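Just so you know, all these numbers are worked out from the coordinates, no wet-lab data involved. Source: prediction; values computed, not measured. Every residue, glycine as well, gets a Cβ built from its backbone with ideal geometry; the counts of neighbours run over all protein chains shown.
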Ligand code: HEC
């Protein structure tokens, strides 16, 4: 018997190959960073400028389509005032600018729109700035409907239905019903079955093809704001030149290969049927395997234009998860469609004993497929849910609600699957009743799967929950307040509303019993953006009496983690300081990435996800013979590989992942303690050259050329990451030697906190 060479052995190498190709496909997409939201602007949002700026420059958090980016600058009456010459910079394009004539005094609105190269979604936003006078009035949040394009969910649904049913059908054919037929031999309607399955493939391809064309028209229409008919022509051509269009073309290419392979099979089979040879279930079917590979590859471009591609710093893990999700769905849902619509109906009229024998062999095989698919679905679904929702309050937005509904609908699906697996499957060989129940549960499962895919179509058409929640400020605090004690002064700092735009800073000083401390002569705060060094300088506060100092117009332009440092100079000479970190959220009129998944946590979750799939493969492989039989081995090998890769990824993230030094942020808040440690380190290692006050007048300085730099001047020119590197690596060709041996990482960070407090005595 030639059973060992059943077509099942082809499947895992094929899946591996498809995954490898997917990796290659997915990498170039890796430079995109986030949904194309505004990350920085010049002038900054809410800034009040003394003079008219020459131009407006906007930076976006990910690559955008240069031709589709738009900036308009409107005056208070809503009239456009810019020179209408929007142009773009960078490759991929991440910044755009528009030049301005000399503006009159007044408040202006910058309104912008772009189309992300990653997911093809259109994003709009706006912010204010003023010239020569304070900002008056605020813009409303740009209202974005939950679903920007009403056809999109249904088209996505149809694409999923078509694509998954063909992929799942091929998997089912190669791994389940052909091997099952082969194991039983005659008496079963192989020809009827092939024909029914053939029709189903045709149906799947037609649905997939038409809905893909529909997606192209709808995408062109919504991008260029024309009707579907109006989209034919230039808009369509321009859309095909976007990244979205390119991945659509990739998908179409695989579609053509898949169609050709299915065609060849269809013609071969009808030739055989005419010759009355019957269908030959034996042998490995190269054409079917080609079709399977093409269909698995076809799922990849669908992933590339999903939200996964816009997950900040985690686009690759998110895309891989999405792809796993689709493959899992194909194994389970796609397989169910073919079971319900082709395999089971083809058994009608077949003799009871034959039918029982067939089902008893086919259903356990399908169980294997479905269990692996379900594991992939659950593991990758957890990842995606975390990456796109991220915080519990984000569940309240439409995306989150749809996710909850989708999860709720999956529960009965799982129940039916377990009933099939635990109860019906065992009885198939003996009881016809079990066969009838199987028909019902399979039909029920397939129907639920259709509904789940519809919900998936809706979800993937909506902006991810975390982004909407961030814009609405859901679950995020309103304002920041904290206190600390330094040199016996209770320093209480408040920042309101801690959102982009103008903020109110309040520093109140009291002694331990709560009595105001009024002998401070100077209070300064420095607000610094931790994710990017912007070189902010300390700003003096106004004394409002009773130990309270205020700053009314601290403009914070960027969303993210900020640090506030307060320096208090007192008559007594006991100067004190306080430093805190807080999260700045998007204020009215700006888009935001305020809520974003943590990169390392994402990588660990991805590792866990891959390892879980590995464990399930092993669990399936052991009863099939483990390492001792070919069938078992074909699960053990990928299972072990996935386990090793997953566990390896987790270990790598925890211990070995490289960090980009210049991008590093100081892990320590520059509070009194940190600065004291830094000062001690400075005194012992640096002051000999740089001098006690840092201006380069240390005892060893005289003989040095170039002379030691003045730290109050040079330190603000570098990011904290760069300072870390300078201290660790030194400055080549100068006396500034590396000090790696003398200082630990932590000490170096404290030292940086200290040298950032040094001030030029001339400027004081
Ligand atoms: C042996 C003398 C010496 C010692 C010790 C020394 N430096 Fe320097 N440092 C220099 C010289 C000389 C330069 C000027 C290099 C140049 O002109 O590029 C410099 C430059 C710098 C700069 C400015 C680099 C730039 O390109 O802007 C920083 C920051 C700095 N040192 C920090 C430190 C710190 C912190 C320490 C203590 C850990 C330290 N240095 C110890 C001699 C020294």
Worksheet entry | Fewest-first ranking of 263, 736, using other Cβ atoms within 10 Å as the exposure measure | 263, 736
Worksheet item: Between residue 213 and residue 482, what is the FRET efficiency for a Förster distance of 51 Å, r being their Cβ-Cβ separation, to the nearest 0.05?
Response: 0.35
Worksheet, complete the sentence: Rounded to 0.05, the calculated FRET efficiency for the beta carbons of residue 57 and residue 530 at R₀ = 35 Å is 0.95
Worksheet entry | Equivalent ellipsoid semi-axes, the range 595-709, via Cα gyration tensor eigenvalues times 5, rooted, Å | 57, 15, 10
Discussion item. Using alpha carbons only, how many angstrom separate the centre of the range 215-276 from the centre of the range 633-693?
Written reply: 47
Worksheet, complete the sentence: The simple spin-label model distance between residue 680 and residue 405, using points 7 Å out along Cα→Cβ, in nm, is 6.1
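For the range 38-131, what percent of Cα pairs sit more than 16 Å apart? Provide the component values of the computation, followed by the final result.
Values: 2159 of 4371 pairs.
Of all Cα-Cα pairs in the range 38-131, 49 percent lie more than 16 Å apart.
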Fill in: Mean projection area, nm², convex hull over Cα of the range 480-584
5.9
Discussion item. Using Cβ counts within 10 Å as a stand-in for footprinting exposure, how do 651, 450 rank, fewest first?
Written reply: 651, 450
Discussion item. Step by step: find N for the range 651-756, compute 2.2 N^0.38 Å, then divide the Cα radius of gyration by it. What's the final number?
Written reply: 1.10
Worksheet, complete the sentence: Footprinting proxy, 471, 72: sorted fewest to most Cβ within 10 Å, the residues are 72, 471
Practice prompt. Can you bin the range 168-207 into rounded, prolate or oblate? Criterion: square roots of the alpha carbon gyration tensor eigenvalues sorted a ≥ b ≥ c, rounded for a/c under 1.5, prolate for a/b above b/c, oblate for the rest.
Written response: oblate
